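These notes are about the structure you will find just below.
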Amino acid sequence: MKLKSAPACALLIAAAVSGPVLADINVGISVSATGPAASLGIPEKNSVALLPTTIGGQKVNYIVLDDATDPTAATKNIKKLISENKVDVVLGSSTTPNSLAMSDIAAENETPMISMAGSAIVVEPMDAKRKWIFKTAQNDAHMATAIVQHMTDKNVQTVAFIGFADAYGEGWYKEFAKIAEARKLKIVASERYQRNDTSVTGQILKVMAAKPDAILIGGAGTPAALPQKALKEKGYKGLIYQTHGVANNDFLRVGGKDVEGAFLPVGPMVVAAQLPNDNPVKKTALDYVGKYEAMYGKGSVSSFGGYAWDAGILLNNAIPLALKKAKPGTVEFRSALRDALESSKNLAGAHGVFNMNAQDHQGLDQRSRVMATIDKGTWKLVQ
């Protein structure tokens, strides 16, 4: 066999490489893997390992950074991901304050971003900045509606609120107060606390002095256990509600027996095995739960990892569409990916069915939540 000369071989190799091969797709991720929101960020980080490494025939690289539940660190992370790692899309962060900080940078650089935070203010109201931002977590309004309905079914007439002194707490109070007023529920007290506080005794005493029939705790992760533990310590006998921000096993571990009996809205993934067979997300939710627990152990799955999984589902659907219009690593590809995400229709995730449009970059409806209670250290579907 006659060998070709080295220069000729080099030319042939170059021609082959420069043909149909495109640049890798780079996905930047910033989550709160440490700090007060670590119980949210760790399962999100873990779920990245389950996402596809090839989409539309192209290799996908995931670059994961920790923002330590700090908006300043989240801002630094997204700047690094965009300027140094040349990412085509950003996932993150775990909390509302961090996601809001990141969204400014994403919009300035015309890079699509998928947040995993709960508050609707991440994507609403739609404007030039938010046209680049999407989210997979349920809006507070979806969840607040479920809570208020449950309260009225339980004949609750007066309610108190204690929540985080940040965008998450304020967003929850705003949505809850609006729906509660419409349903004739009277809010008799409203208090705030910091995520890293070690005592909320003063706030709890004020709340209990108002003698509410029920109390809603507007917190997320393990710091949301603090008010409920204080309420139990002080002997509160009314109904206690939490938000979907606590749907992880670390909250159950930290809260222990003190959080037993609390009611909360959750994404259907949290109680996937208990869902009726005709639920449109049961199959997808069970698929995620099975994969996560196979890698990290039975009972390890949490609601928050599901938000990262759903971001992967959105990308798996949108990237092939964007590849038809542009090459990864270009402004045109980022724009095409943004457009493709916005066109997501009837896409079943672990937490709901996504139907996005130019005015709705979250796209979930009431199928994205069910009511649950904490019973014997686990989540039980409220029928």
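Note on the range 244-289 and the range 315-379: Cα centroid distance 20 Å, given to the nearest whole angstrom. Helix 38-48 and the longest principal axis of the C-alpha atoms of the chain enclose an angle of approximately 30°. Between helix 167-182 and the chain there is an angle of about 60 degrees, using the helix long axis and the longest principal axis of the Cα atoms. Using the Cβ-Cβ distance between D278 and N357 with R0 set to 25 Å, the FRET efficiency works out to roughly 0.45. Ordering of 132-145, 69-82, 352-365 by packing is 132-145, 69-82, 352-365, highest average first (other Cβ atoms within 10 Å, averaged per residue).
If the elastic network links every pair of Cα atoms under 10 Å, which of G329, G41, G305 fluctuates the most in the Gaussian network model of the chain? Highest fluctuation among the options: G329.
If you run the Gaussian network model on the chain, springs between alpha carbon atoms under 10 Å, then out of R253, R369, R130 the most flexible one is R253.
Indicate the gyration tensor shape class of the range 140-266 (rounded, prolate or oblate), computed on the Cα atoms with a ≥ b ≥ c the square roots of the eigenvalues: a/c under 1.5 is rounded; otherwise a/b larger than b/c is prolate and the rest oblate. Because its axes are fairly even, with a/c under 1.5, the range 140-266 counts as rounded. With θ taken as phi - 60° and the Karplus curve 6.51 cos²θ - 1.76 cosθ + 1.60 applied, the whole-hertz 3J(HN,Hα) list for the range 86-91 is 6, 6, 8, 7, 10, 10 Hz, x standing for glycine and proline. Axis of helix 303-323 versus longest Cα principal axis of the chain: the two differ by about 30°, to the nearest ten degrees. Estimated at 0.36 nm per residue, the fully extended path between D339 and K298 surpasses their Cα-Cα distance by 11.0 nm. In this structure the amide hydrogen of I114, modeled in the peptide plane, comes within under 5 Å of the amide hydrogens of V90, L91, G92, F134, none closer than 5 places in sequence on its chain.
Note down the relative contact order for the range 242-348 as a percent, whole number, built from C-alpha pairs under 8 angstrom at least six residues apart.
Averaging sequence separation for qualifying contacts and normalising by length gives 22 percent for the range 242-348.
Placing a pseudo-label 7 Å from each Cα along the Cα-to-Cβ vector at A210 and A177 gives an inter-label distance of 1.0 nm. An ellipsoid equivalent to the chain, defined through the eigenvalues of its Cα gyration tensor, has semi-axes of 42, 20, 19 Å when rounded to whole angstrom and sorted largest first.
Subtracting the Cα-Cα distance of K186 and K59 from 0.36 nm times their residue separation leaves 40.3 nm of extension gain. Summary of the geometry: the range 76-132 and the range 167-231, compared by the centres of their Cα atoms, lie 28 Å apart.
Helices in the chain, meaning DSSP H runs of at least 4 residues, each add -39500 (n - 2.57). Divided by all residues, the mean residue ellipticity at 222 nm is -12500 deg cm²/dmol.
Rule-based calculations on the coordinates, nothing more; no lab input. Treat the numbers as computed from the prediction; the structure is a model and nothing was measured. All Cβ positions, glycine included, derive from the backbone under ideal geometry; neighbour counts span all protein chains shown.
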